[in-house]
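Below is one structure, written out as structure tokens; comments come after it.
The values are calculated or read from the model by the stated rules, or taken from the named source; none is laboratory data. Being a predicted model, the structure only gives us computed values, none of them experimental. With ideal geometry, Cβ positions are generated from the backbone for all residues, glycine too; neighbour counts draw on all protein chains shown.
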Amino acid sequence: MRKKIAAGNWKMNLGRDQAVVLTQDIAEGSIPEDVHVILGTPFIYLHELNAMLQDVKGIELAAQNCHQMPSGAYTGEVSASMLKSIGIEYVILGHSERRMYFNESDELLRAKVDIALKEGLKVIFCCGEPLEIREANSQNGYVSRQLVNSLFHLSEADFSNIVIAYEPIWAIGTGKTASAEQAQEMHAFIRALVQEKYSAETAVDLSILYGGSVKSANASELFANPDVDGGLVGGASLDAQGFLSIINAF
Ligand code: PEP
């Protein structure tokens, strides 16, 4: 059965001391046994935080990116195998900020997904439409193309290591949340695509997270939907109490 997941995406925020305190506060908080917490932290904190979380159950770490090549002369980059070598479980790929500011195309993301899975990481793959696409009611075609182009070449076994995060771009960091109905509708659409491509079993087992201005005030309503299996949370994951109440909103 699929996992309930509360994932935080810290983006390029927090100094080292703040990162340690936030992680400690979350680890000391109350986390329901059936909720899987993932902290998407800057690369530089992953090793230290992983050591801190060694004996803590239910919290894993995610990198926010990895390079598409296995190794080599790519100054400043971090490979999937490096992440694996320090014990990291997940990598977030396809976030709209990386697509937008770093020109990450569906084709590039396909290569990143491949190398991440090959190295044994699990992938939180982000998809989602910009405002003009939503206004033209073309969001299903847009999201389906993102998934087909970057994920649907995977074998069914590899696909079982994917978590999908639906993040409508117009709702990220804007305070605008998709309504619970809009989220449910898209998540059900994504699950149906996965069923069509792979199988009913793979579709049922897939965790699909919603992202876009999730906070303690709206998390319960969003997570109550049958196809919303949790959230990928940006701003609200930087505050321990706020994030803990999201973790407890299932
Ligand atoms: C995100 O960056 O993945 C995100 C959903 O951000 P926020 O929660 O701040 O909208």
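Listing for the model above:
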{"quantity": "Per-region count, the range 86-108, residues closer than 18 Å to A7 by Cβ and either aliphatic (A, V, I, L, M) or touching a helix residue (DSSP H, G or I) at 6+ places or on another chain (Cβ under 6 Å) (or both)", "calculated": "7"}
{"quantity": "Filtered residue count, the range 1-60, keeping only those that are within 17 Å of F223 (Cβ to Cβ) and in a loop (DSSP other than H, G, I, E, B)", "calculated": "9"}
{"quantity": "Candidate set from the range 145-164 (those that are under 17 Å from the mean Cα position of the chain (by Cα) and part of a helix (DSSP H, G or I)); member that is surrounded by the fewest Cβ atoms within 10 Å (Cβ to Cβ)", "calculated": "D158"}
{"quantity": "First in the range 225-236 and under 17 Å from N248 (Cβ atoms) and without any contact (Cβ under 8 Å) to a residue 60 or more places away in the chain, second anywhere and part of a strand (DSSP E or B) and within 15 Å of the ligand (Cβ to nearest atom), Cβ under 6 Å, 6 or more apart", "calculated": "V228/Y210"}
{"quantity": "Residue, nearest to E60 (Cα to Cα), within the range 90-107, restricted to residues that are of a type in the set (A, V, I, L, M, F, W, C) and out of contact with any Ser or Thr (no Cβ under 9 Å at 6 or more places or on another chain)", "calculated": "V91"}
{"quantity": "Test: residue in the range 91-111 that is of a type in the set (F, W, Y) and either farther than 23 Å from A188 by Cβ or within 16 Å of the ligand (Cβ to nearest atom) (or both)", "calculated": "yes"}
{"quantity": "Any hit, the range 165-180, residues being of a type outside the set (A, V, I, L, M, F, W, C), outside any loop (DSSP other than H, G, I, E, B) and surrounded by fewer than 15 Cβ atoms within 10 Å (Cβ to Cβ)", "calculated": "no"}
{"quantity": "Test: residue in the range 230-249 that is within 20 Å of K122 (Cβ to Cβ), away from the ligand (no atom under 16 Å from the Cβ), of a type outside the set (S, T, N, Q) and crowded, with 19+ Cβ neighbours inside 10 Å", "calculated": "no"}
{"quantity": "Every pair of residues 6+ apart whose Cβ atoms lie under 7 Å, when the first sits in the range 85-111 and is more than 13 Å from L46 (Cα to Cα) and assigned to a helix (DSSP H, G or I) while the second is more than 12 Å from the ligand (Cβ to nearest atom) and of a type in the set (D, E)", "calculated": "R98/E104"}
{"quantity": "Scope the range 197-250; condition polar (S, T, N, Q), more than 24 Å from M12 (Cβ to Cβ) and either assigned to a loop (DSSP other than H, G, I, E, B) or modelled with pLDDT under 95 (or both); matching residues", "calculated": "S199, S207, N225, N248"}
{"quantity": "Check on F223, more than 16 Å from the ligand (Cβ to nearest atom) and among the aromatic types (F, W, Y)", "calculated": "no"}
